[in-house]
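So the structure is just underneath, and the comments pick up after that.
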Amino acid sequence: MGVDLCAIDLAHPVINGSGTFDVIAARRAFGASVDEQFPFSAFVSKTITLQPRSGNPPARLFETPAGLINSIGLPNRGLAGYLEHDLPQLATLAVPLITNVMGSDAGEVSQLLEALDGREEIAAIELNVSCPNVKTGLDIGSDPAELSKLLAAVRADTSKPLIVKLTPNTANVALVAKAAEASGADAVSLINTLRAFAADPARPGKAWLGSGTGGQSGPAIRAIALAQTSAVAAAVELPIIAMGGISNAANARQFLDAGALIVAVGTESFRDPAAAAQVRDGLARAA
């Protein structure tokens, strides 16, 4: 069950999707049992941005027949708040910490990577490239050339393993993954949420979510996630962290068989906080 992710030893191949498991809040609610029964072999923080973000206006969540549309908007304390308040608590976890970051341009990403590079508590950095480019309005990671340009500008800012979290909202995710590989990424993770719209049942033609649109996750996107994982695995030699509607060990096995090294449980943890432990234990029994 043990795996090696960029020279980081993990006890098993199940981690969390960024922003889907608030371990700090869980500790407040459940105490020491959270650490005693921790389901993940590494912990991925929620997305950290340079400046604090309050997130999107409500409503922020809409349940679908096979998943969830969210428009949370990446609320976080910002880099300084993360280093002062969150990191000291996350550093006490018994598993490696992966910090997820996002910037709207190379300058912001550079500042984030430089600030995190010297922190021994952090084992690796995950770069979320699903942020809209301030000039084009498109996801930074949707264009191989734009992603190459970004990574060329920032890769030297950290010596830590750099995981690029790919956006699924692109014409050819395999080409984007190849650009990430050629530009210095140590691993890739996919898929992020798919753009989605939730109609307000009480107001025809109007959006339920406060920001208008959101991101679909959960079992509804599993087939798409499997297709994109398989395509990326055929295109690059990088380790792959796969996610997208993983609800049980059988789902996880499909992603591992498609070429992933590690799987991440996300939306299912909202329904059942013990879901990842069940995925892990199911994989162990079948090994």
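Just so it is clear, none of the values below were taken in a lab; they were calculated from the coordinates. In this text the structure is predicted, and so the values were computed from the model without any measurement. Note: ideal-geometry Cβ built from the backbone for every residue, glycine included; neighbour counts use all protein chains shown.
Estimated purely from DSSP H runs of n ≥ 4, each contributing -39500 (n - 2.57), the mean residue ellipticity at 222 nm for the chain is -9000 deg cm²/dmol once divided by its residues.
When the chain is treated as a GNM with alpha-carbon contacts under 10 Å, the residue of V263, V173, V34 showing the greatest mean-square fluctuation is V34. Within the shell of other residues whose beta carbon sits under 11 angstrom from the beta carbon of G67, the net charge comes to 0, with Lys and Arg scored +1 and Asp and Glu -1. Rounded, prolate or oblate, given the Cα gyration tensor of segment 1-103, with a/c below 1.5 counting as rounded? Verdict is prolate for segment 1-103. Taken about its Cα centre, the chain carries a charge dipole of about 820 debye when Lys and Arg each add +1 at the Cβ and Asp and Glu each add -1 at the Cβ. Of all the options V265, V236, V44, the one that moves most in a Gaussian network model of the chain with Cα springs shorter than 10 angstrom is V236. Given R0 = 30 Å, the distance between the Cβ atoms of D117 and I24 translates into a calculated FRET efficiency of 0.80.
Ranking A277, A42, A196 by how far each Cα lies toward the positive end of the dipole of the chain (charges on Cβ) leaves A196 at the top. Calculate the spin-label point distance for A171 paired with A202, positioning each point 7 Å from the Cα along the beta-carbon direction, and give it in nanometres. Going from the A202 label point to the A171 one covers 4.3 nm. Cross-link reach is defined here as a Cα-Cα straight distance under 18 Å, omitting same-chain residues fewer than 8 places apart; for K178 the lysines meeting it are K149, K165. For segment 24-63, backbone nitrogen atoms closer than 11 Å to the point 7 Å from S211 Cα along Cα-to-C-beta are found at 54-58, 60-61.
Approximating the spin labels as points 7 Å out from Cα along Cα→Cβ, the D4-to-N248 distance works out to 3.4 nm. Across q = 0.08, 0.11, 0.15 Å⁻¹, segment 3-286 modelled as identical point scatterers on its alpha-carbon atoms has Debye log10 I(q)/I(0) values of -0.30, -0.59, -1.18, in the order of the q list.
For segment 75-232, the spherically averaged projection of the C-alpha convex hull amounts to 11.0 nm².
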